[in-house]
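Written out below as structure tokens is the structure these notes cover.
The values are calculated or read from the model by the stated rules, or taken from the named source; none is laboratory data. Remember, it's a predicted structure, so these values are computed and weren't measured experimentally. Please note: Cβ atoms are built from the backbone with ideal geometry, for glycine as well, and neighbour counts cover all protein chains shown.
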Amino acid sequence: MNADAVEARDRTAVETRQDTLFRFVLFGAASVVLFVLAGAALSMLWGGRLAFQTFGWHFIFSSDWDPVGKHFGALVPIYGTLASSAIAMVIAVPVSFGIALFLTEIAPGWLQAPIAAAIELLAGIPSIIYGMWGLFSFVPFMSEHVLPWINDHLGPLPWIGVLFSGPPLGIGMLTAGIVLGIMVIPFISSVMRDVFRTVPASLKESAYALGSTTWEVVWKVVLPYTRSAVVGGIFLGLGRALGETMAVTFVLGNAHQLSASLLMPGNSIAATIANEFTEADSDLYLSSLIALGFLLFVVTLIVLACARLMLHNLARREGR
Amino acid sequence: MQQSAPRLILKRRARNLGSKVLGTAATLFGLSWLVWILAVTLFNGARALGLHIFTDITPPPGAAGGLANALFGSAVMSLLGIAIGAPLGIAAGTYLSEFAERRPIWRETIRFVNDILLSAPSIVLGLFVYTIYVRQVGHFSGIAGGIALSLIVLPVVVRTTDETLRLVPNMMREAALSLGIPRWKVTVQVLYRAAAPGILTGVLLGLARITGETAPLLFTALNNQFWNNNIDGPTASVPVVIFQFAMSPYDAWHSLAWAGAFVVTMVVLLLSVGARTFLLKNRIDSNG
């Protein structure tokens, strides 16, 4: 065998080894992504085991939160997280739909990109800024202008009146829900806008040719065609709202009490952890907070997984 | 009896007009919050801003001071977060786009998990780092803060790298491979060069996200009132200082918190706007 052939063979061998090594390193990096998700869930289950063992199912259904008596129940923060997120969705879903409608059907072409960029800036503002603005600007605004009106006009109503009566503190569930709603609007509206754009022009043009108005095209053609992805976008926003921490911590009031009124201060899972973690003076206290984190993680994972599956369905139908 | 045609048309037109008015109103509603939040932050922040913000350390209640230690801590931990998260994310994104063709299920699983991680609550990632690192080491540290931030950078970079590499035309891969170049060299010297603007955008967006991130630092880096060169000890950061000062009853602390909010907002907005225009410019260049 001549020298060139030997050299070529050796080089091929070296390069094959390098390729294998390279692939192996990349594979390891990709596995880290899986490890982080699984590790986060398992480590919190492990960290919260003391609380789960001590309280069992009472941990979820008890509203006690007594660091001195060492009795912990998660009902108040769970209710706070669900209620504030529900308020957020009631506000964010219709507004986001309106924005997506505006950006795809109403606005002239030259206006679409700047407005879309401005709405996305809302998503870029850090949540601590939302929190500070909420505490110093929005809470006084609510307590002086909005809440007295709500008290007077919605408070006396039968059935739902109890939700809207209470002292106009400004800080509370309703304020937190509104701030959360503003924070998730950019996420939901950008998904809606993107999926509205995937509707084939021929479908929309057919509807227009039959004499449909813009609204009828959107309501009867665009929305049915994109339904699962739109719900996916809403779930994505819900996942964000459930786990949001800092903004809620500022305006929710950090009060461990269950009250029917949305105007009263409350607590959420994330806000409880943020406020009390460094003050936790016993193992059981710390473990209860980590157990709260585990519950939050599991709920958001389920919501986000649903969101991704629904968004994925549309992508597959598109043949992408 | 059937509705007469003109009235039906009027009704449909009215509904159409109503939807357009409401859609426009919703957009104005969304934009008004943006204006309100930015105006309040920039106005209060500009009033509190001064050179002392960058030269003095955080004061005790009642004294004058700045945010120098917090700015330094934020910078160090953000760089650490990028230094860990960006290479890991680029490697994982490369794997998904280039090296996983024979394992589609595995690849889609990782993409799915990464997408979930992208919107997972950041406070939970902080708890994760607390249990696996802070608790084992026994003390809060800037390193733990950097690790927590890297977990937020990771999914952003994985996704942008994956997406950008998939946009690189297959011709480039085939041309390079037909010359007998090994795949790792094709990836590093050809594909990365073509995808560099997109990957860099991803890193910048990741940096923008962690600049204002507070929740994961609360129980990893904790806080520090003094200047601290030791990254293995509790480290101050601007967002955590904002949190502490804004919740306090002292006016001087509130003013410092606004100054911090101003700095954080400006950095984040410049980074995200810069990243997007940078990407846009490169796209136009490569097309024309």
TODO: Taking the options B:T235, B:T265, name whichever one is more than 24 Å from A:I119 (Cβ to Cβ), of a type in the set (S, T, Y) and either assigned to a helix (DSSP H, G or I) or at pLDDT below 95 (or both).
DONE: B:T235
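Evaluate the stretch B:66-78: report whether one residue or more is over 30 Å from B:F245 (Cα atoms), in a helix (DSSP H, G or I), of a type outside the set (A, V, I, L, M) and at pLDDT 95 or above. Quick ask: steps written out before the conclusion?
Within the stretch B:66-78, the subset over 30 Å from B:F245 (Cα atoms) is none.
No: zero hits.
Is it the case, given these coordinates, that B:T187 is of a type in the set (S, T, Y) and closer than 30 Å to B:T265 by Cα? It would help to see each step written out before you state the result.
Details: of a type in the set (S, T, Y): yes; closer than 30 Å to B:T265 by Cα: no.
When the stated conditions are applied, B:T187 does not pass them.
Can you name every residue in the stretch B:30-60 that is among the hydrophobic types (A, V, I, L, M, F, W, C), farther than 15 Å from B:W227 by Cα and without any contact (Cβ under 8 Å) to a residue 60 or more places away in the chain?
To start, the set of residues in the stretch B:30-60 that are among the hydrophobic types (A, V, I, L, M, F, W, C) comprises B:31, B:33-40, B:42-43, B:46, B:48-49, B:51, B:53-54, B:57.
Subsequent filtering for residues that are farther than 15 Å from B:W227 by Cα retains B:31, B:33-40, B:42-43, B:46, B:48-49, B:51.
Matches in the stretch B:30-60: B:L31, B:W33, B:L34, B:V35, B:W36, B:I37, B:A39, B:V40, B:F43, B:L51.
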Open item on the list: For the stretch B:178-227, which positions are within 12 Å of chain A (Cβ to nearest Cβ) and basic (K, R)?
Closed with: B:R183, B:K185, B:R209
Task: Test: residue in the stretch A:146-161 that is within 14 Å of chain B (Cβ to nearest Cβ), at positive phi and either in contact with a His (Cβ under 6 Å, 6 or more places away or on another chain) or loosely packed, with under 15 Cβ neighbours inside 10 Å (or both) - done: no
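Based on what the data block shows, is A:S165 at pLDDT 90 or above and among the polar types (S, T, N, Q)?
Values: at pLDDT 90 or above: no; among the polar types (S, T, N, Q): yes.
No, not satisfied.
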TODO: Could you grab me the full set of residues in the stretch B:1-41 that are surrounded by 17 or more Cβ atoms within 10 Å (Cβ to Cβ) and more than 7 Å from every other protein chain (Cβ to nearest Cβ)?
DONE: B:L38
Open item on the list: Take the residues in the stretch B:121-147 that are part of a loop (DSSP other than H, G, I, E, B) and in contact (Cβ under 8 Å) with a residue 12 or more places away in the chain; name whichever of them is surrounded by the most Cβ atoms within 10 Å (Cβ to Cβ).
Closed with: B:P121
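Looking at this structure, is A:A100 modelled with pLDDT of 95 or more, more than 8 Å from chain B (Cβ to nearest Cβ) and within 30 Å of A:F55 (Cβ to Cβ)? Lay out the reasoning, then the answer.
Numbers: modelled with pLDDT of 95 or more: yes; more than 8 Å from chain B (Cβ to nearest Cβ): yes; within 30 Å of A:F55 (Cβ to Cβ): no.
Considered against the rule, which asks whether it is modelled with pLDDT of 95 or more, more than 8 Å from chain B (Cβ to nearest Cβ) and within 30 Å of A:F55 (Cβ to Cβ), A:A100 comes out as no.
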Task: Those residues of the stretch B:1-33 which are assigned to a helix (DSSP H, G or I), more than 12 Å from A:E216 (Cβ to Cβ) and among the small types (G, A, S), in sequence order - done: B:A5, B:A14, B:G18, B:G23, B:A25, B:A26, B:G30, B:S32
